[in-house]
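Take a look at the structure set out below.
The values are calculated or read from the model by the stated rules, or taken from the named source; none is laboratory data. The structure displayed is predicted, hence computed values, not measured ones. With ideal geometry, Cβ positions are generated from the backbone for all residues, glycine too; neighbour counts draw on all protein chains shown.
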Protein chains: 2
Amino acid sequence: MRDAYRDQLDSIRDDLVMMARLVREAVSEGTAALLEGDALRAESVISADAEIDALRIKLEEHSFELLSLQNPVAGDLRMLVASLRMVSEFERMGDLAVHIAKIARLRVPDVAVPDKVVPMIARMAAVAEVMIGKVEHIIANSDVAAAVELEEADQEMDKLRRNSFRELLGADWTHGVEPAVDIALLGRYYERIADHAVSIARRVVFLVTGEHPQYA
Amino acid sequence: MRDAYRDQLDSIRDDLVMMARLVREAVSEGTAALLEGDALRAESVISADAEIDALRIKLEEHSFELLSLQNPVAGDLRMLVASLRMVSEFERMGDLAVHIAKIARLRVPDVAVPDKVVPMIARMAAVAEVMIGKVEHIIANSDVAAAVELEEADQEMDKLRRNSFRELLGADWTHGVEPAVDIALLGRYYERIADHAVSIARRVVFLVTGEHPQYA
(Lines give C-alpha, C1' and ligand atoms only; values in the text may rest on other atoms or scores of the structure.)
Protein backbone atom coordinates (compact mmCIF):
# COMPACT_ATOMS: atom_id res chain seq x y z
CA MET A 1 0.00 0.00 0.00
CA ARG A 2 2.69 2.39 1.03
CA ASP A 3 4.63 1.57 -2.13
CA ALA A 4 1.64 2.23 -4.36
CA TYR A 5 1.30 5.62 -2.68
CA ARG A 6 4.96 6.49 -3.32
CA ASP A 7 4.52 5.41 -6.92
CA GLN A 8 1.60 7.77 -7.21
CA LEU A 9 3.63 10.65 -5.80
CA ASP A 10 6.35 9.83 -8.33
CA SER A 11 3.84 9.79 -11.13
CA ILE A 12 2.71 13.31 -10.16
CA ARG A 13 6.29 14.43 -10.37
CA ASP A 14 6.65 12.78 -13.79
CA ASP A 15 3.50 14.50 -15.01
CA LEU A 16 4.78 17.87 -13.82
CA VAL A 17 7.98 17.31 -15.77
CA MET A 18 5.90 16.33 -18.80
CA MET A 19 3.80 19.47 -18.42
CA ALA A 20 6.97 21.56 -18.34
CA ARG A 21 8.18 19.83 -21.50
CA LEU A 22 4.93 20.53 -23.35
CA VAL A 23 5.09 24.17 -22.28
CA ARG A 24 8.69 24.44 -23.47
CA GLU A 25 7.71 23.02 -26.85
CA ALA A 26 4.79 25.45 -27.07
CA VAL A 27 7.11 28.40 -26.41
CA SER A 28 9.61 27.10 -28.93
CA GLU A 29 7.03 26.46 -31.65
CA GLY A 30 5.12 29.67 -30.91
CA THR A 31 8.33 31.63 -31.33
CA ALA A 32 9.17 29.83 -34.57
CA ALA A 33 5.69 30.63 -35.88
CA LEU A 34 6.19 34.26 -34.84
CA LEU A 35 9.59 34.78 -36.40
CA GLU A 36 8.74 32.93 -39.60
CA GLY A 37 5.17 34.23 -39.96
CA ASP A 38 4.05 30.62 -40.19
CA ALA A 39 0.27 30.36 -39.76
CA LEU A 40 0.15 26.57 -39.72
CA ARG A 41 2.72 26.36 -37.00
CA ALA A 42 0.84 29.01 -35.01
CA GLU A 43 -2.38 27.00 -35.37
CA SER A 44 -0.70 23.87 -34.14
CA VAL A 45 0.56 25.64 -30.99
CA ILE A 46 -2.95 26.97 -30.36
CA SER A 47 -4.58 23.57 -30.75
CA ALA A 48 -1.85 21.72 -28.81
CA ASP A 49 -2.74 23.80 -25.76
CA ALA A 50 -5.63 21.39 -25.19
CA GLU A 51 -3.04 18.73 -24.36
CA ILE A 52 -1.54 20.94 -21.65
CA ASP A 53 -4.99 21.65 -20.26
CA ALA A 54 -5.84 17.94 -20.25
CA LEU A 55 -2.66 17.17 -18.33
CA ARG A 56 -3.57 19.94 -15.89
CA ILE A 57 -6.94 18.30 -15.21
CA LYS A 58 -5.35 14.88 -14.83
CA LEU A 59 -2.76 16.25 -12.39
CA GLU A 60 -5.35 18.18 -10.40
CA GLU A 61 -7.59 15.17 -10.02
CA HIS A 62 -4.73 12.90 -9.13
CA SER A 63 -3.26 15.30 -6.55
CA PHE A 64 -6.67 15.82 -5.04
CA GLU A 65 -7.33 12.12 -4.82
CA LEU A 66 -4.10 11.59 -2.91
CA LEU A 67 -4.87 14.53 -0.63
CA SER A 68 -8.32 13.13 0.12
CA LEU A 69 -7.58 9.46 0.46
CA GLN A 70 -4.12 9.30 1.95
CA ASN A 71 -4.17 12.04 4.61
CA PRO A 72 -0.60 12.84 3.66
CA VAL A 73 1.76 14.07 6.37
CA ALA A 74 3.58 17.38 6.32
CA GLY A 75 6.16 16.85 3.55
CA ASP A 76 3.86 15.00 1.16
CA LEU A 77 1.03 17.39 1.93
CA ARG A 78 3.24 20.32 1.00
CA MET A 79 4.33 18.55 -2.16
CA LEU A 80 0.76 17.86 -3.26
CA VAL A 81 -0.45 21.38 -2.55
CA ALA A 82 2.62 22.80 -4.29
CA SER A 83 1.98 20.61 -7.30
CA LEU A 84 -1.57 21.94 -7.53
CA ARG A 85 -0.17 25.45 -7.58
CA MET A 86 2.58 24.60 -10.06
CA VAL A 87 -0.01 23.09 -12.36
CA SER A 88 -1.80 26.47 -12.47
CA GLU A 89 1.47 28.16 -13.36
CA PHE A 90 2.29 25.72 -16.15
CA GLU A 91 -1.19 26.17 -17.54
CA ARG A 92 -0.66 29.96 -17.59
CA MET A 93 2.69 29.51 -19.34
CA GLY A 94 0.93 27.43 -21.98
CA ASP A 95 -1.64 30.21 -22.41
CA LEU A 96 1.14 32.74 -22.83
CA ALA A 97 2.69 30.60 -25.57
CA VAL A 98 -0.73 30.62 -27.23
CA HIS A 99 -0.80 34.43 -27.02
CA ILE A 100 2.56 34.51 -28.82
CA ALA A 101 1.20 32.19 -31.51
CA LYS A 102 -1.91 34.36 -31.87
CA ILE A 103 0.16 37.47 -32.52
CA ALA A 104 2.02 35.46 -35.18
CA ARG A 105 -1.28 34.38 -36.76
CA LEU A 106 -2.75 37.88 -36.66
CA ARG A 107 0.06 39.30 -38.79
CA VAL A 108 0.40 36.52 -41.38
CA PRO A 109 1.51 36.79 -44.21
CA ASP A 110 3.66 39.47 -42.59
CA VAL A 111 6.03 38.81 -39.72
CA ALA A 112 5.00 40.72 -36.58
CA VAL A 113 8.60 41.40 -35.57
CA PRO A 114 10.70 43.82 -37.68
CA ASP A 115 14.05 42.38 -38.79
CA LYS A 116 16.17 44.47 -36.48
CA VAL A 117 14.22 43.31 -33.41
CA VAL A 118 14.32 39.61 -34.35
CA PRO A 119 17.56 38.89 -32.45
CA MET A 120 16.12 40.42 -29.28
CA ILE A 121 12.89 38.45 -29.44
CA ALA A 122 14.78 35.29 -30.39
CA ARG A 123 17.00 35.80 -27.35
CA MET A 124 14.01 36.31 -25.05
CA ALA A 125 12.54 33.07 -26.35
CA ALA A 126 15.84 31.23 -25.94
CA VAL A 127 16.19 32.43 -22.34
CA ALA A 128 12.60 31.38 -21.61
CA GLU A 129 13.17 27.93 -23.09
CA VAL A 130 16.38 27.41 -21.13
CA MET A 131 14.55 28.45 -17.98
CA ILE A 132 11.74 25.97 -18.56
CA GLY A 133 14.34 23.27 -19.28
CA LYS A 134 15.94 24.02 -15.93
CA VAL A 135 12.56 23.77 -14.24
CA GLU A 136 12.14 20.30 -15.74
CA HIS A 137 15.53 19.33 -14.36
CA ILE A 138 14.86 20.87 -10.93
CA ILE A 139 11.53 19.06 -10.55
CA ALA A 140 12.82 15.75 -11.87
CA ASN A 141 15.93 15.74 -9.66
CA SER A 142 15.00 17.99 -6.71
CA ASP A 143 18.18 19.81 -7.72
CA VAL A 144 17.76 23.02 -5.79
CA ALA A 145 21.26 24.28 -6.61
CA ALA A 146 20.14 24.76 -10.22
CA ALA A 147 17.48 27.22 -9.06
CA VAL A 148 20.15 29.91 -8.70
CA GLU A 149 20.86 29.73 -12.45
CA LEU A 150 17.21 30.38 -13.03
CA GLU A 151 17.37 33.64 -11.10
CA GLU A 152 20.34 34.70 -13.24
CA ALA A 153 18.48 33.90 -16.43
CA ASP A 154 15.51 35.89 -15.14
CA GLN A 155 17.75 38.91 -14.72
CA GLU A 156 18.80 38.60 -18.34
CA MET A 157 15.12 38.48 -19.30
CA ASP A 158 14.42 41.69 -17.38
CA LYS A 159 17.34 43.37 -19.09
CA LEU A 160 16.13 42.25 -22.53
CA ARG A 161 12.71 43.66 -21.76
CA ARG A 162 14.17 47.02 -20.73
CA ASN A 163 16.24 47.06 -23.92
CA SER A 164 13.18 46.32 -25.99
CA PHE A 165 11.41 49.38 -24.55
CA ARG A 166 14.47 51.50 -25.22
CA GLU A 167 14.41 50.28 -28.82
CA LEU A 168 10.76 50.82 -29.58
CA LEU A 169 10.44 54.13 -27.74
CA GLY A 170 13.72 55.45 -29.16
CA ALA A 171 14.11 58.10 -31.86
CA ASP A 172 15.35 55.44 -34.32
CA TRP A 173 12.08 53.53 -34.28
CA THR A 174 10.62 53.79 -37.78
CA HIS A 175 8.15 50.91 -37.74
CA GLY A 176 5.19 52.76 -36.31
CA VAL A 177 2.64 51.79 -33.71
CA GLU A 178 1.55 48.27 -34.64
CA PRO A 179 4.89 46.44 -34.36
CA ALA A 180 5.70 48.49 -31.25
CA VAL A 181 2.51 47.31 -29.57
CA ASP A 182 3.16 43.72 -30.67
CA ILE A 183 6.68 43.79 -29.28
CA ALA A 184 5.62 45.38 -26.00
CA LEU A 185 3.06 42.61 -25.51
CA LEU A 186 5.43 39.85 -26.68
CA GLY A 187 8.03 41.12 -24.20
CA ARG A 188 5.41 40.97 -21.50
CA TYR A 189 4.52 37.36 -22.43
CA TYR A 190 8.10 36.11 -22.40
CA GLU A 191 8.75 37.96 -19.15
CA ARG A 192 5.72 36.34 -17.52
CA ILE A 193 6.80 32.89 -18.72
CA ALA A 194 10.17 33.52 -17.08
CA ASP A 195 8.51 34.75 -13.87
CA HIS A 196 6.43 31.60 -13.66
CA ALA A 197 9.55 29.46 -14.17
CA VAL A 198 11.24 31.26 -11.27
CA SER A 199 8.17 30.91 -9.11
CA ILE A 200 7.92 27.16 -9.77
CA ALA A 201 11.62 26.68 -9.04
CA ARG A 202 11.18 28.54 -5.74
CA ARG A 203 8.33 26.26 -4.80
CA VAL A 204 10.57 23.24 -5.36
CA VAL A 205 13.37 24.82 -3.31
CA PHE A 206 10.93 25.42 -0.48
CA LEU A 207 9.68 21.83 -0.69
CA VAL A 208 13.18 20.39 -0.58
CA THR A 209 14.84 22.72 1.91
CA GLY A 210 11.90 24.09 3.92
CA GLU A 211 13.34 27.55 3.34
CA HIS A 212 12.06 30.29 1.10
CA PRO A 213 14.97 31.02 -1.24
CA GLN A 214 16.74 34.34 -0.80
CA TYR A 215 19.08 35.38 -3.56
CA ALA A 216 21.33 38.40 -3.36
CA MET B 1 -12.61 21.80 19.35
CA ARG B 2 -14.87 21.39 16.38
CA ASP B 3 -16.21 24.93 16.84
CA ALA B 4 -12.73 26.44 16.99
CA TYR B 5 -12.00 24.69 13.69
CA ARG B 6 -15.13 26.15 12.05
CA ASP B 7 -14.15 29.56 13.37
CA GLN B 8 -10.78 29.16 11.74
CA LEU B 9 -12.35 28.24 8.42
CA ASP B 10 -14.57 31.33 8.73
CA SER B 11 -11.56 33.47 9.46
CA ILE B 12 -9.90 32.25 6.25
CA ARG B 13 -13.00 33.28 4.37
CA ASP B 14 -12.94 36.70 6.05
CA ASP B 15 -9.29 37.16 5.15
CA LEU B 16 -10.00 36.26 1.52
CA VAL B 17 -12.73 38.91 1.44
CA MET B 18 -10.30 41.40 3.00
CA MET B 19 -7.68 40.52 0.40
CA ALA B 20 -10.22 41.16 -2.37
CA ARG B 21 -11.07 44.53 -0.80
CA LEU B 22 -7.41 45.57 -0.66
CA VAL B 23 -6.97 44.56 -4.29
CA ARG B 24 -10.06 46.54 -5.29
CA GLU B 25 -8.70 49.61 -3.54
CA ALA B 26 -5.33 49.15 -5.23
CA VAL B 27 -6.99 49.02 -8.65
CA SER B 28 -9.10 52.06 -7.84
CA GLU B 29 -6.18 54.11 -6.50
CA GLY B 30 -3.80 52.94 -9.22
CA THR B 31 -6.31 54.07 -11.85
CA ALA B 32 -6.80 57.44 -10.13
CA ALA B 33 -3.02 57.90 -10.06
CA LEU B 34 -2.89 56.99 -13.74
CA LEU B 35 -5.64 59.28 -14.96
CA GLU B 36 -4.55 62.23 -12.83
CA GLY B 37 -0.79 61.75 -13.26
CA ASP B 38 -0.50 61.71 -9.48
CA ALA B 39 2.92 60.45 -8.40
CA LEU B 40 2.17 60.40 -4.68
CA ARG B 41 -0.93 58.33 -5.18
CA ALA B 42 1.02 55.95 -7.44
CA GLU B 43 3.68 55.57 -4.74
CA SER B 44 1.11 54.77 -2.12
CA VAL B 45 -0.39 51.99 -4.29
CA ILE B 46 3.09 50.57 -4.83
CA SER B 47 3.97 50.60 -1.12
CA ALA B 48 0.51 49.34 -0.03
CA ASP B 49 1.14 46.14 -2.00
CA ALA B 50 3.22 44.94 0.98
CA GLU B 51 -0.02 44.75 2.94
CA ILE B 52 -1.56 42.44 0.32
CA ASP B 53 1.57 40.29 0.33
CA ALA B 54 1.52 40.11 4.14
CA LEU B 55 -2.09 38.95 4.08
CA ARG B 56 -1.14 36.37 1.47
CA ILE B 57 1.52 34.93 3.79
CA LYS B 58 -0.86 34.94 6.74
CA LEU B 59 -3.54 33.16 4.72
CA GLU B 60 -1.10 30.62 3.31
CA GLU B 61 0.25 29.76 6.73
CA HIS B 62 -3.18 29.55 8.26
CA SER B 63 -4.61 27.38 5.48
CA PHE B 64 -1.60 25.13 5.66
CA GLU B 65 -1.86 24.76 9.40
CA LEU B 66 -5.47 23.65 9.11
CA LEU B 67 -4.58 21.25 6.30
CA SER B 68 -1.80 19.74 8.40
CA LEU B 69 -3.43 19.59 11.79
CA GLN B 70 -7.07 18.92 11.10
CA ASN B 71 -6.99 16.31 8.34
CA PRO B 72 -9.96 18.04 6.78
CA VAL B 73 -12.51 15.93 4.94
CA ALA B 74 -13.47 16.38 1.30
CA GLY B 75 -15.42 19.67 1.39
CA ASP B 76 -13.12 21.50 3.80
CA LEU B 77 -10.07 20.07 2.08
CA ARG B 78 -11.29 21.48 -1.23
CA MET B 79 -12.04 24.81 0.41
CA LEU B 80 -8.55 25.06 1.93
CA VAL B 81 -6.78 24.07 -1.27
CA ALA B 82 -8.97 26.47 -3.25
CA SER B 83 -8.18 29.26 -0.82
CA LEU B 84 -4.45 28.67 -1.33
CA ARG B 85 -4.99 29.02 -5.05
CA MET B 86 -7.22 32.08 -4.71
CA VAL B 87 -4.59 33.72 -2.55
CA SER B 88 -2.10 33.41 -5.44
CA GLU B 89 -4.62 35.01 -7.77
CA PHE B 90 -5.33 37.94 -5.45
CA GLU B 91 -1.62 38.48 -5.05
CA ARG B 92 -1.24 38.65 -8.84
CA MET B 93 -4.13 41.10 -9.08
CA GLY B 94 -2.34 43.30 -6.54
CA ASP B 95 0.82 43.10 -8.63
CA LEU B 96 -1.14 44.14 -11.72
CA ALA B 97 -2.49 47.19 -9.85
CA VAL B 98 1.14 48.01 -9.02
CA HIS B 99 2.02 47.76 -12.72
CA ILE B 100 -0.74 50.28 -13.47
CA ALA B 101 0.63 52.61 -10.78
CA LYS B 102 4.15 52.24 -12.18
CA ILE B 103 3.03 53.33 -15.64
CA ALA B 104 1.41 56.37 -13.97
CA ARG B 105 4.64 57.14 -12.10
CA LEU B 106 6.82 56.70 -15.18
CA ARG B 107 4.96 59.41 -17.11
CA VAL B 108 4.57 62.03 -14.34
CA PRO B 109 4.21 65.03 -14.71
CA ASP B 110 2.43 63.93 -17.88
CA VAL B 111 -0.60 61.69 -17.93
CA ALA B 112 0.11 58.39 -19.68
CA VAL B 113 -3.36 58.21 -21.22
CA PRO B 114 -4.33 60.74 -23.94
CA ASP B 115 -7.59 62.59 -23.22
CA LYS B 116 -9.62 60.81 -25.83
CA VAL B 117 -8.75 57.37 -24.42
CA VAL B 118 -9.46 58.33 -20.82
CA PRO B 119 -13.13 57.23 -20.92
CA MET B 120 -12.13 53.80 -22.24
CA ILE B 121 -9.48 53.23 -19.58
CA ALA B 122 -11.78 54.60 -16.89
CA ARG B 123 -14.45 52.15 -18.04
CA MET B 124 -12.01 49.21 -17.96
CA ALA B 125 -11.06 50.16 -14.42
CA ALA B 126 -14.72 50.53 -13.38
CA VAL B 127 -15.58 47.11 -14.81
CA ALA B 128 -12.58 45.57 -13.01
CA GLU B 129 -13.57 47.17 -9.70
CA VAL B 130 -17.17 45.99 -10.01
CA MET B 131 -15.90 42.50 -10.77
CA ILE B 132 -13.69 42.45 -7.68
CA GLY B 133 -16.60 43.76 -5.61
CA LYS B 134 -18.71 40.86 -6.86
CA VAL B 135 -15.93 38.43 -5.95
CA GLU B 136 -15.99 39.81 -2.39
CA HIS B 137 -19.74 39.25 -2.28
CA ILE B 138 -19.50 35.76 -3.78
CA ILE B 139 -16.85 34.63 -1.30
CA ALA B 140 -18.56 36.23 1.71
CA ASN B 141 -21.99 34.78 0.91
CA SER B 142 -21.25 31.69 -1.21
CA ASP B 143 -23.62 33.38 -3.67
CA VAL B 144 -22.92 31.39 -6.78
CA ALA B 145 -25.76 32.98 -8.77
CA ALA B 146 -23.78 36.23 -8.80
CA ALA B 147 -20.95 34.49 -10.65
CA VAL B 148 -22.94 34.73 -13.89
CA GLU B 149 -22.83 38.54 -13.69
CA LEU B 150 -19.10 38.28 -13.47
CA GLU B 151 -18.91 36.43 -16.76
CA GLU B 152 -21.01 39.17 -18.38
CA ALA B 153 -18.72 41.87 -17.02
CA ASP B 154 -15.75 39.91 -18.35
CA GLN B 155 -17.27 40.00 -21.81
CA GLU B 156 -17.53 43.77 -21.59
CA MET B 157 -13.86 43.87 -20.59
CA ASP B 158 -12.88 41.81 -23.64
CA LYS B 159 -14.88 44.13 -25.85
CA LEU B 160 -13.23 47.21 -24.33
CA ARG B 161 -9.85 45.67 -24.97
CA ARG B 162 -10.69 44.99 -28.62
CA ASN B 163 -11.93 48.57 -28.99
CA SER B 164 -8.72 49.88 -27.47
CA PHE B 165 -6.68 48.06 -30.12
CA ARG B 166 -8.95 49.42 -32.84
CA GLU B 167 -8.37 52.92 -31.47
CA LEU B 168 -4.61 52.80 -31.14
CA LEU B 169 -3.97 50.92 -34.38
CA GLY B 170 -6.44 53.09 -36.33
CA ALA B 171 -5.60 55.77 -38.86
CA ASP B 172 -6.83 58.47 -36.43
CA TRP B 173 -4.18 57.68 -33.85
CA THR B 174 -1.97 60.77 -33.60
CA HIS B 175 -0.29 60.19 -30.25
CA GLY B 176 2.62 58.11 -31.45
CA VAL B 177 4.23 54.99 -30.06
CA GLU B 178 4.67 55.64 -26.34
CA PRO B 179 1.02 56.15 -25.32
CA ALA B 180 0.03 53.30 -27.65
CA VAL B 181 2.41 50.94 -25.86
CA ASP B 182 1.22 52.17 -22.46
CA ILE B 183 -2.42 51.63 -23.39
CA ALA B 184 -1.78 48.18 -24.86
CA LEU B 185 -0.10 47.14 -21.60
CA LEU B 186 -2.72 48.83 -19.41
CA GLY B 187 -5.44 47.02 -21.34
CA ARG B 188 -3.61 43.78 -20.73
CA TYR B 189 -3.37 44.49 -16.98
CA TYR B 190 -7.06 45.30 -16.57
CA GLU B 191 -7.99 42.28 -18.66
CA ARG B 192 -5.85 39.99 -16.48
CA ILE B 193 -7.38 41.44 -13.31
CA ALA B 194 -10.78 40.59 -14.75
CA ASP B 195 -9.65 37.09 -15.74
CA HIS B 196 -8.47 36.41 -12.20
CA ALA B 197 -11.78 37.64 -10.80
CA VAL B 198 -13.62 35.20 -13.07
CA SER B 199 -11.26 32.39 -12.14
CA ILE B 200 -11.74 33.00 -8.40
CA ALA B 201 -15.52 33.12 -8.80
CA ARG B 202 -15.43 29.82 -10.67
CA ARG B 203 -13.45 28.26 -7.85
CA VAL B 204 -16.14 29.32 -5.39
CA VAL B 205 -18.88 27.96 -7.66
CA PHE B 206 -17.07 24.66 -7.82
CA LEU B 207 -16.66 24.57 -4.03
CA VAL B 208 -20.33 25.29 -3.43
CA THR B 209 -21.91 23.22 -6.20
CA GLY B 210 -19.28 20.59 -6.95
CA GLU B 211 -19.74 21.47 -10.62
CA HIS B 212 -17.38 23.34 -12.90
CA PRO B 213 -19.42 26.29 -14.13
CA GLN B 214 -20.44 26.26 -17.78
CA TYR B 215 -21.81 29.47 -19.20
CA ALA B 216 -23.28 29.77 -22.66
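One table, with the values for the structure above:
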item	result
Index of the failed condition, B:Glu211 passing every other in (1) at pLDDT below 95; (2) part of a helix (DSSP H, G or I)	(2)
Residue ID - nearest to the chain's Cα centre (by Cα), chosen from residues in the range A:98-115 that are basic (Lys, Arg) and closer than 12 Å to A:Leu35 by Cα	A:Arg105
The range B:55-75 - residue that is closer than 27 Å to B:Glu211 by Cβ, polar (S, T, N, Q) and in a helix (DSSP H, G or I) and, of those, nearest to the chain's Cα centre (by Cα)	B:Ser63
Matching entry among A:Arg166, A:Arg192 (being under 18 Å from the mean Cα position of the chain (by Cα) and either of a type outside the set (D, E, K, R) or part of a helix (DSSP H, G or I) (or both))	A:Arg192
Sole exception among (1) at pLDDT below 95; (2) buried (at least 21 other Cβ atoms within 10 Å of the Cβ); (3) outside any helix (DSSP H, G or I) for B:Ala147, by number	(3)
Complete set of residues in the range B:44-82 that are of a type in the set (Val, Ile, Thr) and facing chain A (nearest Cβ under 9 Å)	B:Val73, B:Val81
Residue list for the range B:98-129, restricted to those being closer than 14 Å to B:Val27 by Cα, of a type in the set (Lys, Arg) and in contact (Cβ under 8 Å) with a residue 60 or more places away in the chain	B:Lys102
Single residue of the range A:159-190 satisfying the filter (in contact (Cβ under 8 Å) with a residue 40 or more places away in the chain and under 20 Å from A:Arg24 (Cα atoms)) that is nearest to the other protein chains (Cβ to nearest Cβ)	A:Leu185
Matching entry among B:Asp182, B:Asp154, B:Asp143, B:Asp158 (being under 24 Å from A:Gly170 (Cα atoms) and charged (D, E, K, R))	B:Asp182
Residue under evaluation B:Ile103, criteria (1) at pLDDT below 95; (2) in contact with a Phe, Trp or Tyr (Cβ under 9 Å, 6 or more places away or on another chain); (3) assigned to a helix (DSSP H, G or I), criterion not met	(1)
The listed residue being more than 14 Å from chain A (Cβ to nearest Cβ), crowded, with 18+ Cβ neighbours inside 10 Å and not hydroxyl-bearing (Ser, Thr, Tyr), out of B:Ala140, B:Ala104	B:Ala104
Meets criteria (outside any helix (DSSP H, G or I), acidic (Asp, Glu) and either closer than 30 Å to A:Ile183 by Cβ or in contact with a helix residue (DSSP H, G or I) (Cβ under 8 Å, 6 or more places away or on another chain) (or both)) for A:Asp110	yes
Check on A:Arg92, part of a helix (DSSP H, G or I) and either under 30 Å from A:Asp172 (Cβ atoms) or touching a His at 6+ places or on another chain (Cβ under 7 Å) (or both)	yes
Exclusive hit being of a type in the set (Val, Ile, Thr) and more than 27 Å from B:Asp172 (Cα to Cα), set B:Val113, B:Val108, B:Val135	B:Val135
Answer residue from the range A:76-97, given it is over 16 Å from the mean Cα position of the chain (by Cα) and free of Cβ contacts under 8 Å to residues at least 40 places away in the same chain and is nearest to A:Ala54 (Cα to Cα) among those	A:Val81
The lone exception for B:Arg2 - which of (1) modelled with pLDDT under 95; (2) crowded, with 21+ Cβ neighbours inside 10 Å; (3) farther than 26 Å from A:Met79 by Cα it fails	(2)
When residues of the range A:127-144 are limited to those that are assigned to a helix (DSSP H, G or I) and among the acidic types (Asp, Glu), the one nearest to A:Ala112 (Cα to Cα)	A:Glu129
